[in-house]
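The values are calculated or read from the model by the stated rules, or taken from the named source; none is laboratory data. Since the structure is predicted, the reported quantities are computational estimates derived from the model, not experimental observations. Here the Cβ positions follow ideal geometry from the backbone for every residue, glycine too, while neighbour counts run over all protein chains shown.
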Number of protein chains: 2
Amino acid sequence: MTAMDDSSTRGRSSRSTGSARLTDVARVAGVAPMTVSRALNRPELVSESTRLRVQRAVLETGYVPNRVAGALASSRSRLVALLVPTVAHSLFAEVVQTVMGVLAPQGYQVLLGLTGYTPEQEETILETVLSRRPDGIVLTGCRHSALTRQRLLSAKVPLVEIWDMSDDPVDMLVGFSHEAVGRAVAEHLLARGYRRFGLISADDSRGRRRVAGFIAGLEGAGEGTYQLREVGTPSSMPWGRGMSAELLDSHSLDAIVCSSDILALGVLAEAQSRGLAVPDRLAIMGFGDSSYAGASFPALSTVRIDGAAIGLRAAEHLLQRMAQPTFERAGQSQDVGFEIIDRDTT
Amino acid sequence: MTAMDDSSTRGRSSRSTGSARLTDVARVAGVAPMTVSRALNRPELVSESTRLRVQRAVLETGYVPNRVAGALASSRSRLVALLVPTVAHSLFAEVVQTVMGVLAPQGYQVLLGLTGYTPEQEETILETVLSRRPDGIVLTGCRHSALTRQRLLSAKVPLVEIWDMSDDPVDMLVGFSHEAVGRAVAEHLLARGYRRFGLISADDSRGRRRVAGFIAGLEGAGEGTYQLREVGTPSSMPWGRGMSAELLDSHSLDAIVCSSDILALGVLAEAQSRGLAVPDRLAIMGFGDSSYAGASFPALSTVRIDGAAIGLRAAEHLLQRMAQPTFERAGQSQDVGFEIIDRDTT
DNA sequence: CTGTTAGCGCGTTCAT
DNA sequence: ATGAACGCGCTAACAG
């Protein structure tokens, strides 16, 4: 049914195998190219009969619209850039899932960028991403290099920064404060009587800010001691298990605070193998918990981050702004907060 | 430094804020647009002096190339479509990471598509993806709808199907046989003396084929009984814990086989809370293990899938093919296999 | 409701 | 080593 009609002398010489174009459909349907374009993009502006003829012609030619031409002509790419450090972390994977789940039904496709955890990579990737002229950008974090920030500002594209908090967002912002997380965890654990802490953190800037917040929390209370260890990426259970073993061998600890839930599971494995009662002899605090580890291993405490809510709101803000004809920075922040979940809680 | 030079009368009326174009850079540099294009894309064809003038002009204008125009003019999008069911699963996240890790340094950007687990979604997403004219496609699975397969064939784009095995790949294929996994697990566990099995599988077609392979393995051996349960997506520890609790309440079981490692962790939690020795009283078999759960909880067995190897090879095959000037289907398959990891192994 | 005209910003091709 | 002309496939803007 979709055979290429041989009678149609294709436009130029070497288009040996190229797919059908709008003009091909138009010729087959016996209408002008513009009418085909309308029949496809704004069917309500076209009469029923021609719409049907066009549909038939589309099937007959096997036409697939060329959106790169469309984007160039209309200055609307229907592309959203989504920049996250990694997808190999359940938290960011959750964000990607929800953002795409909202955008895809609205006809937006996602250009994914993996920025790692360094501003340099972010800078490079942002440049290549901007060259696609996306209609919107979702970007993880809000501590950018000067050049990144400048490009963001001059790009005149709706932008949502996520997963962090700042006083002067570039445009829109949905996230939470990492310092606040650290401080809250410190206060929470101190209140429950823990005093000697091990900290296992991934080598990433936001993780370090959570650690800094934690330490500030201890200092503010004038109590508690801590040992800090950094692990490489990607975080994994063996890292958590190995680092906690090292910490427990050399120090007497009440509690271990991890920068992800997967590290916390590794710590749990180590505690179990040592016969340490969790959380009575040793408290274990994770971060994120998008796989709901805490629901299955209730001895695990965690800082629950609602990645789905962040993704959802970011995508919705973006959609709203992309729908507006005039570009204007919003300058609004939304703090979705976090929740410390503990076996004692609820 | 990047101020828009006001003396330059921008081409047309309403480009109030549009970014600089190639012609703008050319004017500032005092050369022809074509020379700027070359200085940027093929610097070796341009004299050192003009190259430097162009570089300066680029900085001065804040020029960011418009790759949608470039793609239209050159018929090379430098875009690779990557279609996976989800990224909220460590296995596919690992594939995404490695594919992007290989492609980004080569100047390719990734258009991500989430197909869920249904051929219908795959069909829809493939259509929108093809409209961007990607230079290559990585697609999960090889059981497509008729329309999908036809579009794939007529798209004339290098394609790698991954994560499955087939006799007649559309183009290139890197994966493993799900039936073989199921059968191997059955034989492995039977050989170790297990007989009464619980199967917890996600509601996905490849998972079902692994289950079918497992059952075929039992029937081939003429031994073993099984109870099957399906869980919803996304898989999570609570699903594993809940389903295994239900199974263990109503049946006397030797072993529980899960369609993912995260389910297996939930089963482990349930076993621990019941005081069941693992794997002596109850064997637990996962699938994937890209978070290396088995390394930290050695009581867990698993079918180890090397998602990184799959992503790596897929990306490399694609790069090679995209570099070739003439399009030609390869028709080659690569079985990367799998490995059953058991506490008894090694 | 439908058609015509005129580019979108760039790379290919050929000339110099 | 550099430039000029042309068109990639589509849509905005206007006309009818």
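The table for this structure:
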item	result
Single condition B:Ala93 does not satisfy, out of (1) at the interface with chain A (Cβ under 8 Å from one of its Cβ atoms); (2) surrounded by fewer than 23 Cβ atoms within 10 Å (Cβ to Cβ)	(2)
When residues of segment B:96-138 are limited to those that are assigned to a loop (DSSP other than H, G, I, E, B) and facing chain A (nearest Cβ under 7 Å), the one nearest to A:Thr115 (Cα to Cα)	B:Arg132
Meets criteria (farther than 27 Å from B:Leu199 by Cα and over 12 Å from the mean Cα position of the chain (by Cα)) for B:Val138	no
Top-ranked residue of segment B:71-90 - restricted to ones that are in a helix (DSSP H, G or I) and surrounded by fewer than 21 Cβ atoms within 10 Å (Cβ to Cβ), ranked as nearest to the other protein chains (Cβ to nearest Cβ)	B:Leu72
Every pair of residues 6+ apart whose Cβ atoms lie under 6 Å, when the first sits in segment B:274-293 and is farther than 19 Å from A:Pro238 by Cα while the second is among the small types (Gly, Ala, Ser) and outside any helix (DSSP H, G or I)	B:Val278/B:Ala299; B:Pro279/B:Ala299; B:Ala283/B:Ala255
Hey, B:Arg56 free of Cβ contacts under 8 Å to residues at least 60 places away in the same chain, outside any loop (DSSP other than H, G, I, E, B) and more than 14 Å from DNA strand C (Cβ to nearest atom) or not	yes
Criterion (assigned by TED's automatic domain parsing to the domain that holds B:Asp135 and acidic (Asp, Glu)) met by exactly one of B:Glu316, B:Glu270, B:Glu230	B:Glu316
Residue within segment A:251-267 that is charged (D, E, K, R), over 26 Å from A:Tyr117 (Cα atoms) and either touching a Leu at 6+ places or on another chain (Cβ under 8 Å) or crowded, with 22+ Cβ neighbours inside 10 Å (or both) present	yes
Residue check, A:Asp171 more than 14 Å from chain B (Cβ to nearest Cβ), surrounded by 19 or more Cβ atoms within 10 Å (Cβ to Cβ) and in contact with a Leu (Cβ under 6 Å, 6 or more places away or on another chain)	yes
Qualifying residue in segment B:298-306 (condition: small (Gly, Ala, Ser) and either in the same structural domain as B:Met100 (by TED's automatic domain parsing) or closer than 30 Å to A:Val267 by Cα (or both))	yes
Top-ranked residue of segment A:139-160 - restricted to ones that are among the polar types (S, T, N, Q) and touching a Ser or Thr at 6+ places or on another chain (Cβ under 8 Å), ranked as farthest from the other protein chains (Cβ to nearest Cβ)	A:Thr140
Residue identified as aliphatic (A, V, I, L, M), under 28 Å from B:Ser90 (Cα atoms) and within 14 Å of chain B (Cβ to nearest Cβ) among A:Leu300, A:Leu247, A:Leu318	A:Leu300
Qualifying residue in segment A:7-23 (condition: small (Gly, Ala, Ser), within 13 Å of DNA strand D (Cβ to nearest atom), surrounded by 20 or more Cβ atoms within 10 Å (Cβ to Cβ) and at pLDDT 95 or above)	no
Count - residues of segment B:270-327 that are more than 30 Å from B:Pro105 (Cβ to Cβ) and out of contact with any strand residue (DSSP E or B) (no Cβ under 8 Å at 6 or more places or on another chain)	12
A:Arg183 being within 30 Å of A:Leu218 (Cβ to Cβ) and either touching a helix residue (DSSP H, G or I) at 6+ places or on another chain (Cβ under 7 Å) or within 10 Å of chain B (Cβ to nearest Cβ) (or both)	yes
Sole residue being hydrophobic (A, V, I, L, M, F, W, C) and more than 9 Å from DNA strand D (Cβ to nearest atom), chosen from B:Val31, B:Val46, B:Val36, B:Val64	B:Val64
Residue within segment A:229-244 that is surrounded by fewer than 22 Cβ atoms within 10 Å (Cβ to Cβ), more than 20 Å from B:Asp289 (Cα to Cα) and at pLDDT 95 or above present	yes
Residue list for segment A:274-303, filter: of a type outside the set (Gly, Ala, Ser) and crowded, with 19+ Cβ neighbours inside 10 Å	A:Val278, A:Pro279, A:Leu282, A:Ile284, A:Met285, A:Phe287, A:Asp289, A:Tyr292, A:Phe297, A:Leu300, A:Thr302, A:Val303
Residue under evaluation B:Gly116, criteria (1) modelled with pLDDT of 95 or more; (2) more than 13 Å from DNA strand C (Cβ to nearest atom); (3) at positive phi, criterion not met	(1)
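Yes/no per residue for (1) of a type in the set (Gly, Ala, Ser); (2) more than 19 Å from B:Ser90 (Cβ to Cβ):
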site	(1), (2)
B:Arg241	no, no
B:Ser260	yes, no
B:Val278	no, yes
B:Ile284	no, no
B:Ile305	no, no
